[in-house]
Structure formats: structure tokens, C-alpha cells
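Any read-out appearing in this document is the output of simple, stated calculations on the displayed coordinates, not a laboratory observation. All figures in this text were calculated on a predicted structure; none of them were measured in a lab.
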Amino acid sequence: MPAFAAEVDPGEWEFTATSTSRLFPGPQMTSFKRCIKKDDAANPDRWMAQQTRQGDCKVTPGAKSADTYTWVMECAKPSMRGTGSARLSRASIEGETHMTGEVHGQKFELRTKVSGKRLGPCKG
């Protein structure tokens, strides 16, 4: 297996996430910014887990290749589990998660596509 070579440049990043599910009336879009520190830039385990951790979710790092990072995510509330992958470069990130779960007795799928780009140095 090749070594994990992708390293994002530290700095202020902007991420856009688009989630789709039959439970939503249409695609749900969110944007957020995040400062990726120099110590975390070479280690996606540190900042990707924080990125995807919401509420009662546990992220388990998966395989790493030259430019791809994968993980498994499990959430207690709501009851969901799934996988994700991201392709990383110094100034951009493209990723996707696929989750399945059950809410109020209804099974569902949730797909989220995320893109990120480096804006410049961290603010503050």
C-alpha cells in the first residue's frame, strides 16, 4: 500500500456540504469555515474526525492511500452508521459520506458530498 502522501496546507478552509435523503424536501446545503493548524495538516485523523463528529457519533479512521482517506462513522442518536471517503490535495478536498439509519421506525439513507478549499491563513 502506498504511503499517505496527501497533506493539506494549514490555514483557513471553507467547506460546503450538500446532504440528500428522501426524508428531506430537497438537498440540504451548509457551509462552514475551519482553521486547520500546521500540526493537524499532515494527519487527517485529527481534523477529519472533528469535522464529521456530530452529537453522539464515533469516527473510526480507515484506509489511507496516496491521496485518499476513508473512515467509518457510527452515531447513537439518531441511530446511523456509514462510511466516508475524501480525496485530499494541498488546497482542496472532495469527499462523500453514505449513512443509513432509522428514525421513528423509518429506515433512511443520507448521502453528503463535501468540498473544501483553502482561503488563506487562519484568522485570529
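Out of (1) 146; (2) 91; (3) 104, which label holds the value of volume of the Cα convex hull per residue in Å³ that was computed here? Here the calculated entry is (3).
Pairs of lysine in segment 11-120 with Cα under 18 Å and at least 8 positions apart or on different chains: total? All intermediate terms of the calculation are to be shown ahead of the outcome.
Values: 33/113; 33/117; 37/117; 38/117; 58/77; 77/107.
Summing the qualifying lysine pairs gives 6.
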